[in-house]
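Asker: Sharing a structure with you now.
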Amino acid sequence: ETGVTQSPTHLIKTRGQQVTLRCSSQSGHNTVSWYQQALGQGPQFIFQYYREEENGRGNFPPRFSGLQFPNYSSELNVNALELDDSALYLCASSVDLYEQYFGPGTRLTVT
Amino acid sequence: AQSVSQHNHHVILSEAASLELGCNYSYGGTVNLFWYVQYPGQHLQLLLKYFSGDPLVKGIKGFEAEFIKSKFSFNLRKPSVQWSDTAEYFCAVLKTSYDKVIFGPGTSLSVIP
C-alpha cells in the first residue's frame, strides 16, 4: 500500500458522457501525475500538477482536464468520452518525479 | 520523440532461472532511469532507479539493473527468479525533474514453480 487512493475503482460510461476521477495524495506530497494505461501497454503521461498548477502535459486532447486542490488531492475530468478512452487511469503522488507513489487505479469502460 | 522500448512482451521462466529484461531509450541527453513492477492485483511500485554514479544499481527483492550509456540501455537482471516475481515490469525514463516520465510498453513475466 502506498497511501495513494483513487475513486471509484471501476466505472462504466457511455460514449459522449463526462467522467470525473479522484485521487488522494500521500501525505507530504505536493505533486500529482495522471497516467492512462490501456490494456497491454505501459502508462501514458496525461498531465502533472504541482501546488495546484498544471506544469506538464502529454499528448492528450483538451477534453482531458484536471484540478489539484489545496490539500494536494486531484481530479481528472474527461469530457465527450470516446470508446478509446477505456483504460486504467493511474495517479501518482510525489515530492518530485524521482520517486512516484502510484494508486490502485480506476478502471474506466466506455460503451 | 523520446521513447522507451522493451525487448520482450512476455517472458516465461522456471523458478531459479536467471532473468534479464531489456530496455532501450531514444533520448541522448542526461536521463534518469527507473524500473517499476506491477504484481497481480497490486499498485505499480518502484523496483530501482538510476540517477548518476555507479551504473550498476541494486533494487529491492534481489533485482539489479545496469546502465550502459553507449547502448542507451538499462537492462534489469535477477540471478534466480521465484514464483512470486510473476508480474508486469516497466522500464521508464525521466529527462529532468520537470519533464514527464515515459514508460515502456512493459514485459509480462511468468515464473513457473
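Asker: Of all the accessible heavy-atom surface of chain A, with the other protein chains kept in place and a 1.4 Å probe, what percent is carbon and sulfur?
Answerer: 48 percent
Asker: While we're looking at this one, here's another question. I need the Kirkwood Rh of the range A:36-111: take the reciprocal of the average 1/r across all distinct C-alpha pairs and report it in angstrom.
Answerer: Hydrodynamic radius (Kirkwood, Cα pairs) of the range A:36-111 is 13.2 Å.
Asker: Something else: Mind checking A:87-95 for the average number of partner chain beta-carbons within 10 Å of each residue's beta-carbon?
Answerer: That works out to 1 on average.
Asker: Let me ask something else about it. So what are the three principal axis dimensions of the range B:28-70 from its Cα atoms, in whole Å, longest to shortest?
Answerer: Principal extents (largest minus smallest coordinate, Cα): 36, 21, 14 Å.
Asker: Taking N as the number of residues in the protein assembly as shown, what is its alpha-carbon radius of gyration divided by 2.2 N^0.38 Å?
Answerer: For the protein assembly as shown, the normalised Cα radius of gyration is 1.01.
Asker: Now for a different question. Rounded to a whole number, what % of the accessible area of chain B do carbon and sulfur atoms account for, probe 1.4 Å?
Answerer: 54 percent
Asker: Solvent-accessible area per residue for chain A at a 1.4 Å probe radius, Å²?
Answerer: For chain A, the per-residue accessible area is 46 Å².
Asker: Report the trypsin sites (Lys or Arg not before Pro) located in the range B:52-113 that are in a DSSP loop and have at most 15 other Cβ atoms inside 10 Å of their Cβ, or state none.
Answerer: none
Asker: Report the longest stretch of chain A that contains none of the GluC sites (Glu not before Pro) sitting in a DSSP loop with at most 16 other Cβ atoms within 10 Å.
Answerer: A:2-51
Asker: What average number of partner chain Cβ atoms lie no more than 10 Å from the Cβ of the residues making up B:40-46?
Answerer: Across B:40-46, the average partner-chain Cβ count within 10 Å equals 6.
Asker: Is there a quick way to get the dipole size of the protein assembly as shown? I mean about its Cα centre, with the Cβ of Lys and Arg at +1 and of Asp and Glu at -1; what is the value in debye to the nearest 20?
Answerer: 180 debye
Asker: Also, I was wondering about something else. Across the residues of A:35-42, average count of Cβ atoms on other protein chains within 10 Å?
Answerer: Taking all residues of A:35-42 together, the mean is 4.
Asker: If you keep only loop residues by DSSP, which chymotrypsin sites (Phe, Trp or Tyr not before Pro) in the range B:25-57 have at most 16 other Cβ atoms within 10 Å of their Cβ?
Answerer: B:Tyr27, B:Phe51
Asker: Kindly report the accessible area of chain B per residue (heavy atoms of protein chains, probe 1.4 Å, no ligands, DNA or RNA), in Å².
Answerer: Dividing the accessible area of chain B by its residue count gives 47 Å².
Asker: While we're on this one: All other residues with a Cβ under 13 Å from the Cβ of A:Ile12 taken together, and with Lys, Arg as +1 and Asp, Glu as -1, what is their net charge?
Answerer: Around A:Ile12, the surrounding residues sum to +2.
Asker: Sticking with this one: Given the C-alpha centroids of the range B:64-113 and the range B:1-44, what is the distance between them in whole angstrom?
Answerer: Here the two parts' Cα centres lie 3 Å apart.
Asker: Still on this structure, please answer the following. So if I take the centroid of the Cα atoms in the range A:1-24 and the same for the range A:96-110, what is the distance between those two points in Å?
Answerer: Here the two parts' Cα centres lie 10 Å apart.
Asker: May I pose another question? Roughly how big is the B-A contact, given as buried accessible area in Å² (both sides, 1.4 Å probe, nearest 100)?
Answerer: In total, chains B and A hide about 1800 Å² from solvent.
Asker: Roughly how compact is the range B:23-101, stated as its Cα Rg over 2.2 N^0.38 Å to two decimals?
Answerer: Taking N as the residue count of the range B:23-101, the ratio is 1.10.
The values are calculated or read from the model by the stated rules, or taken from the named source; none is laboratory data. Not measured: the values here are computed from a predicted model. Cβ: placed from backbone, ideal geometry, glycine included. Neighbour counts: every protein chain shown. Ligands, DNA and RNA are excluded from the accessible area calculation, which covers all protein heavy atoms including side chains. Shrake-Rupley method; radii C 1.70, N 1.55, O 1.52, S 1.80 Å.
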